[in-house]
Structures are given as structure tokens and as C-alpha cells.
Amino acid sequence: MEKKKIDWSSIGFGYVQTDYRYVANYKNGAWDEGGLTTDANITMNECACVLQYAQTVFEGMKAYTTADGRTVCFRPDLNAERMMDSCRRMRMPVFPKERFLDAIRQTVKANEAWVPPYGSGASLYLRPYMFGSDPIIGVKPANEFQFRVFGTPVGPYFKGGIKPLTIRVSDLDRAAPRGTGHIKAGLNYAMSLYNIVDAHEQGYDENLYVDSATRTHIEETGGANIVFVTGEGKLVVPKSDTILPSITRRSLIQVARDYLGLEVEERVVGIDELGNFAEAGLCGTAAVISPVGKIVDHGEEYTYAGMGSVIGKLYHTLTGIQMGTTPAPEGWIMVID
Ligand SMILES: *Cc1c(COP(=O)(O)O)cnc(C)c1O
């Protein structure tokens, strides 16, 4: 497979149009057979439900090249299941798991020249998503939907070294109790844009959200879950119904227990505990785990070891599993062949 002539180390995290994308349409209560297209544009009615009422959900995952030259995806079955959960909450038809996996396979295979080589640190970011496409003016769900998957190459996350993040405890909320914080819906991001721009203007990398009911518990940032490490090397993972169930976070918990022999505590974490931890990290597909250097809570500053010993071990073990240099648990790696 002849790869595209790209300086993989210099690309960032931005949209680059690749050759093929997968499209399936839902109409009259059924999905059509779907398939690949070279057309990157979508034409729809001005009154499409997604444009008026934001009926849309998405996923994010990566394809990459392993040390032995295979093209693989990491736990795409969990993305398929999470998207089904998101769809149910949004009154959208589910896209069946086997079809989701097939769509991923087809999209990656057709764009294999865009999957960065092993060692580049780059990967092909995959974006499956679905939206209500027919005209809806009274507030109700759409009748017709489109499911798509496209890929875009993204560069190494820690380009130019690892800079520990500085984050602030946010005054605005992300997710309401019994709301939509636990699903991957575009609406959760639309309403976070004001706050992330504000955070950047104030010199912070991210917003750390607390639970909106009591504003006493730590939840997550706008697009990544947070984990903490105690001075004794115990992994402490915030638990809440309004946190998005990160696949990276769930994988790191298993890595911590089974590969590193660490104690893991999944529990409600109080905002008043921020001073009790030695390390903190944000987890998500993009970075796997990025170290937090400082959390600012209205003038109180808490500092943490950057890529400290436990966060560093978690990072290296999980990326080793993904890259095929560390044996993976059964079913974690889907080979594209
Ligand atoms: C996607 C997402 C994450 C990270 O999930 P991964 O499955 O690990 O990529 C975390 N928080 C939010 C709000 C997200 O949307």
C-alpha cells in the first residue's frame, strides 16, 4: 500500500479531505444498503431537523498502523454500542453494531493510503455520525436520517513535547442531572463553545466541570474524562451519571488493574479533594491520556506532576497495546484486512 506523500509529523488536528466516506440513509423505517462515495458534501433541505433542532450524534475513534504493519482500530465495538445508546436517547434509529463495524472497515480500507505509518505518531481519525435529514418545523424527531463515516489524518498529539495542561473549575455547567451528558450528542458541544473560548481567553487549556445539581463533585472537561492518582499510586476515577463514558478511560482502568497491578477506585470525587492527588490526567481518543499540571479553582491553585510515574505508565502501556508492542486483551484490536 503506497501511502500519501504527507509529512505526517507536521500535521495537526484539522480536517483533511480523504478519498472515500461511507453513507447510509434511513427512510420509511429502514436503512438502505449503504456504501462508499467520493462526495464529501451533503445537500439537504433548509428545514432539515439537524439544522433546526440539532438532532445529531457522533463518535470519535482512530485507525493506525501497528509495529508489524497491520492497519487496526481500537475497540470499535464500544463506539458502535455507545452510538446506539446515544441514538436511543435522541429518538434516532440505531445503526446496527455489525453494520457500524463494516462501515468502519470499508472506510479505513478505502482510505488505507491515508493511514499514517507506524512510528509517525499520527493516525487516521474516524468520525462516524448520524443526523435527522428531512424537513421538520414542529418540534419532533426527524423521519429520515443519514449515517456517515469519514476519516481525516491527524498528527501526533504530543508534538513538540508534552505540555501539562492548566485547567480551571468552570462556573458554567455541562450536563444536567437526567440530561444528556452521558451521550455523545453534538448539542453537548454546541453549548460548550462559549465556555471553551472564554477559558482560552483567560489563559486556560480546558474547563473542568462539576456536577450541576450540587456543584460539589468533579465530573470531566468539555471533551475528555479526568482521572487522578494519589501519592500512594492509587487511581481515582470520578463516577457520575452525567459523565460521558470514555472508552479510553474504561480501557485505562483495566490496564491499571491488570497490567500495572494498581488499585482503582471509581467513586464520587469531591471538589474539596483536589489538593489530595499527586497526578491528574485527561483521557480520550485524541491524546489517550494528557497530563494535567495545574487546576485552578477560583484563586486556589493545585499542582500535579506532569507526565508523572503512574500517568506515564498508563500512557505507555495503553499506547503499546494499541500499537501492537504489548499484548492486547481479547477483542480490543480490530484488524482491517
Ligand atoms: C468523546 C468524549 C470523551 C472521550 O471518550 P473516548 O471514548 O475515550 O474518546 C470524553 N468526554 C466527552 C464529553 C466526550 O464527548
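Some values worked out for this structure:
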| quantity | calculated |
| --- | --- |
| For I183: the one exception among (1) surrounded by fewer than 19 Cβ atoms within 10 Å (Cβ to Cβ); (2) under 16 Å from the mean Cα position of the chain (by Cα); (3) not in a strand (DSSP E or B) | (1) |
| Within region 241-285, considering residues that are of a type in the set (G, A, S) and in contact (Cβ under 8 Å) with a residue 40 or more places away in the chain, the one farthest from the ligand (Cβ to nearest atom) | A278 |
| Search result, residues across region 188-236 that are under 17 Å from I289 (Cβ atoms), of a type in the set (A, V, I, L, M) and either more than 16 Å from the ligand (Cβ to nearest atom) or assigned to a loop (DSSP other than H, G, I, E, B) (or both) | A224, V229, V236 |
| Members of region 103-129 that are part of a strand (DSSP E or B), out of contact with any Pro (no Cβ under 8 Å at 6 or more places or on another chain) and buried (at least 18 other Cβ atoms within 10 Å of the Cβ) | L126, P128, Y129 |
| Residue selected from region 237-254 under the condition assigned to a helix (DSSP H, G or I) and polar (S, T, N, Q), by the criterion farthest from E81 (Cα to Cα) | Q254 |
| Positions within region 130-173 being in a loop (DSSP other than H, G, I, E, B), within 16 Å of the chain's Cα centre (by Cα) and within 16 Å of the ligand (Cβ to nearest atom), in sequence order | Y157 |
| Selection within region 5-43 - closer than 12 Å to W114 by Cβ, surrounded by 10 or more Cβ atoms within 10 Å (Cβ to Cβ) and at pLDDT below 95 | I6, W8, I11 |
| Selection count where residues are modelled with pLDDT of 95 or more and either within 16 Å of the ligand (Cβ to nearest atom) or small (G, A, S) (or both), scope region 292-303 | 2 |
| Residue identified as under 23 Å from the mean Cα position of the chain (by Cα) and within 15 Å of F228 (Cβ to Cβ) among P329, P291 | P291 |
| Single unsatisfied condition, T230 versus (1) closer than 18 Å to H316 by Cα; (2) more than 22 Å from the chain's Cα centre (by Cα) | (1) |
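The values are calculated or read from the model by the stated rules, or taken from the named source; none is laboratory data. Quick caveat: nothing in here was measured; it's all calculated off a predicted structure. We place every Cβ from the backbone using ideal geometry, glycine too, and count neighbours over all the protein chains shown.
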